[in-house]
Amino acid sequence: QQQVKQSPQSLIVQKGGIPIINCAYENTAFDYFPWYQQFPGKGPALLIAIRPDVSEKKEGRFTISFNKSAKQFSLHIMDSQPGDSATYFCAAFSGNTGKLIFGQGTTLQVKP
Amino acid sequence: SAVISQKPSRDICQRGTSLTIQCQVDSQVTMMFWYRQQPGQSLTLIATANQGSEATYESGFVIDKFPISRPNLTFSTLTVSNMSPEDSSIYLCSAGRGGDEQYFGPGTRLTVT
């Protein structure tokens, strides 16, 4: 019940495309859903996050869509650039446990 | 946000030895955590570093193997004890005012030979 399932494992898009990464969870106690971006050799960087009282959040070219009834959320990257090539992790936080649970990660390659 | 630094950035250690990793945060934070990340894999929580008390360990991780200290609100250490090649991994420190919005350090890349 603590799992967060992320898909796809890897993704290749052309520059300007809109990659979409999906995550699903089971535990309805989760109340905060962040996305992290990690470049090779670096630590994960907090990219954008959403709470379940909203269905969408945009920050620059990054958008989170949240479907509370389906227990799913996704990351969309608008006008993707080669510099967006990285590994993306979704995560979920429960105030009950005080811990972040991470998805398996998606490796994104944006081709020039 | 918080800026987090870790030392060392990488190390190569011999089997049976111990390594202490330091984590420094640029501001006072309530929560600090230690994670392990195998190359190409996701993050696994090792423990929550509690200021002034013993760390809270996740299933599969024990204090004798991964002793943690947190003497104040901006600093923590993780020791990897009696190392074996299976301990080769990336060790990450994170911090935040709550457990939700966590900021990560750059990681320590450990290779055990």
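Only the coordinates and a few stated rules stand behind these numbers; no lab work does. Everything numeric here is computed off the predicted structure, so don't read it as measured data. A quick note on method: Cβ atoms are made from the backbone with ideal geometry, for glycine too, and the neighbour counts reach across all protein chains shown.
For the protein assembly as shown, the list of Cys residues with no other Cys C-beta under 4.7 Å reads B:Cys13. Across peptide B:95-105, the average count of Cβ atoms from other chains found within 10 Å of a residue's Cβ is 5.
Counting, for every residue in A:80-89, the Cβ atoms of other protein chains within 10 Å of its Cβ and taking the mean gives 1. The relative contact order of chain B comes to 38 percent, based on Cα pairs under 8 Å that sit 6 or more residues apart.
Charging the Cβ of each Asp and Glu at -1 and of each Lys and Arg at +1, and nothing else, the dipole of the protein assembly as shown about its Cα centre rounds to 360 debye.
Loop-located chymotrypsin sites (Phe, Trp or Tyr not before Pro) in region B:72-113 (DSSP state not H, G, I, E or B) with no more than 13 neighbouring Cβ atoms inside 10 Å do not occur. Averaged over the residues of A:94-107, the number of partner chain Cβ atoms lying within 10 Å of the residue Cβ comes to 4. Assuming charge only on the beta carbon of Lys and Arg (+1) and of Asp and Glu (-1), the dipole of chain B about its Cα centre is about 240 debye to the nearest 20.
Toward the positive end of the charge dipole of region A:4-111, with +1 on the Cβ of Lys and Arg and -1 on the Cβ of Asp and Glu, the farthest Cα among A:Ile101, A:Val13, A:Gly60 is that of A:Val13. Hydrodynamic analysis of region A:4-111 uses the Kirkwood radius over alpha carbon pairs. Inserted into Stokes-Einstein at 37 °C and 0.692 mPa s, it gives a translational diffusion coefficient of 237 µm²/s.
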